[in-house]
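Trainee: Would you mind keeping the following structure in view while I ask a few things?
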């Protein structure tokens with residue numbers, strides 16, 4: 001009888017010692033992440049391309065402005081102590097390239113609303129939230145690294161509209177042909 | 001004669017479609033933009049974020065997972081460390097107009113408080129003489145085993161956040 005009790009006790013010990021193997025904290029168990037913050041961000045830019053017209057004169061130093069501006073609407077709902085900024089720029093120092101030649105970011109500029117045209121040779125502010133969408137330092141089209149003029153730093157729920165006008169100055173080696181690239185609108189926050 | 005007219009109609013329609021596509025907007029809604037969640041060291045957890053295409057044209061999105069790290073207020077986006085494993089069910093999607101796509105993921109190997117970032121990029125339409133307008137928005141998941149996760153991680157980065165800012 002005593003042996004039976006010991007055996008039962010050992011069996012119970014085995015069962016209970018096996019139980020925590022599936023408890024939270026073990027890599028073999030997958031739990032659901034329970035996010036505790038409600039936040040969302042919407043960005044819409046119209047149109048989705050910047051066009052410079054099919055036929056422009058090829059003259060060294062000629063300034064070519066996009067046929068229409070791009071209007072971007074931003075709507076956000078984030079934690080109260082968020083920092084948000086929007087940057088426009090390129091992933092490398094080449095803004096446009098194709099059979100016509102190459103337009104470096106130093107010859108490409110963006111006007112935000114009614115401000116001045118800023119060449120795309122800027123940096124983002126290192127102490128601010130950083131963009132992660134492929135923009136690289138030295139190729140940001142803004143002045144002082146603060147992002148677009150209507151900076152989002154402020155209320156945690158809001159919206160902003162930016163009208164972006166793009167232009168480039170023709171370099172010496174341009175020939176008739178195609179030119180294309182990708183402008184990145186990158187939202188940065190923490 | 002009929003053939004020439006048909007070809008002309010086909011060509012003019014083709015240009016019209018291209019012009020219409022280039023006038024269409026590029027836009028997405030990302031949720032959550034910022035989230036914090038509890039995860040125990042070496043625990044495997046699943047999560048998700050959604051991308052909504054609120055426009056009237058399909059949107060192509062690609063997702064790039066990174067880790068945000070910081071010191072003395074300087075933030076960097078770095079590749080995921082070898083000990084952290086993030087599995088996305090998909091790293092790209094073509095989202096139809098007015099539709100929402102859910103990206104599911106699992107994460108494991110989080111040994112310390114971490115800021116996991118999914119950079120979501122929506123590509124614009126191609127232009128022969130111009131530039132596409134791409135949009136990039138990050139989805140932050142602040143992960144740690146405790147309360148006030150985001151604030152603690154940002155403090156460790158040397159970032160000072162003030163209320164209402």
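The values are calculated or read from the model by the stated rules, or taken from the named source; none is laboratory data. Predicted model, so just to flag it, every value in this text is computed and none were measured. Here Cβ is always computed from backbone atoms with ideal geometry, including for glycine, and neighbour counts include all displayed protein chains.
Trainee: In region A:60-101, what count of residues is obtained for those that are buried (at least 22 other Cβ atoms within 10 Å of the Cβ), in contact with a helix residue (DSSP H, G or I) (Cβ under 7 Å, 6 or more places away or on another chain) and more than 8 Å from chain B (Cβ to nearest Cβ)?
Mentor: The qualifying residues number 1.
Trainee: Just give me the residues in region A:149-167 being modelled with pLDDT under 75 and in contact with a strand residue (DSSP E or B) (Cβ under 7 Å, 6 or more places away or on another chain), in sequence order.
Mentor: If we filter region A:149-167 for residues that are modelled with pLDDT under 75, which is where we start, we get A:149-155.
Answer for region A:149-167, where residues must be modelled with pLDDT under 75 and in contact with a strand residue (DSSP E or B) (Cβ under 7 Å, 6 or more places away or on another chain): A:149, A:150, A:151, A:152, A:153.
Table: residues versus (1) modelled with pLDDT under 90; (2) under 30 Å from residue B:109 (Cβ atoms).
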| residue | (1), (2) |
| --- | --- |
| A:13 | yes, no |
| A:21 | yes, yes |
| A:31 | yes, yes |
| A:35 | yes, yes |
| A:46 | no, no |
| A:55 | yes, no |
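Trainee: Same structure again: Can you name the strands (runs of 3 or more DSSP E) wholly within region B:47-165 that have at least 1 residues being more than 10 Å from chain A (Cβ to nearest Cβ), within 13 Å of the chain's Cα centre (by Cα) and closer than 30 Å to residue A:65 by Cα?
Mentor: On the way: elements: B:59-71, B:74-78, B:85-88, B:92-95, B:99-108, B:114-122, B:129-144.
Fully inside region B:47-165 and qualifying: B:59-71.
Trainee: Which count do you get for residues in region A:161-190 that are in contact with a helix residue (DSSP H, G or I) (Cβ under 9 Å, 6 or more places away or on another chain) and facing chain B (nearest Cβ under 7 Å)?
Mentor: Of the residues in region A:161-190, 1 are in contact with a helix residue (DSSP H, G or I) (Cβ under 9 Å, 6 or more places away or on another chain) and facing chain B (nearest Cβ under 7 Å).
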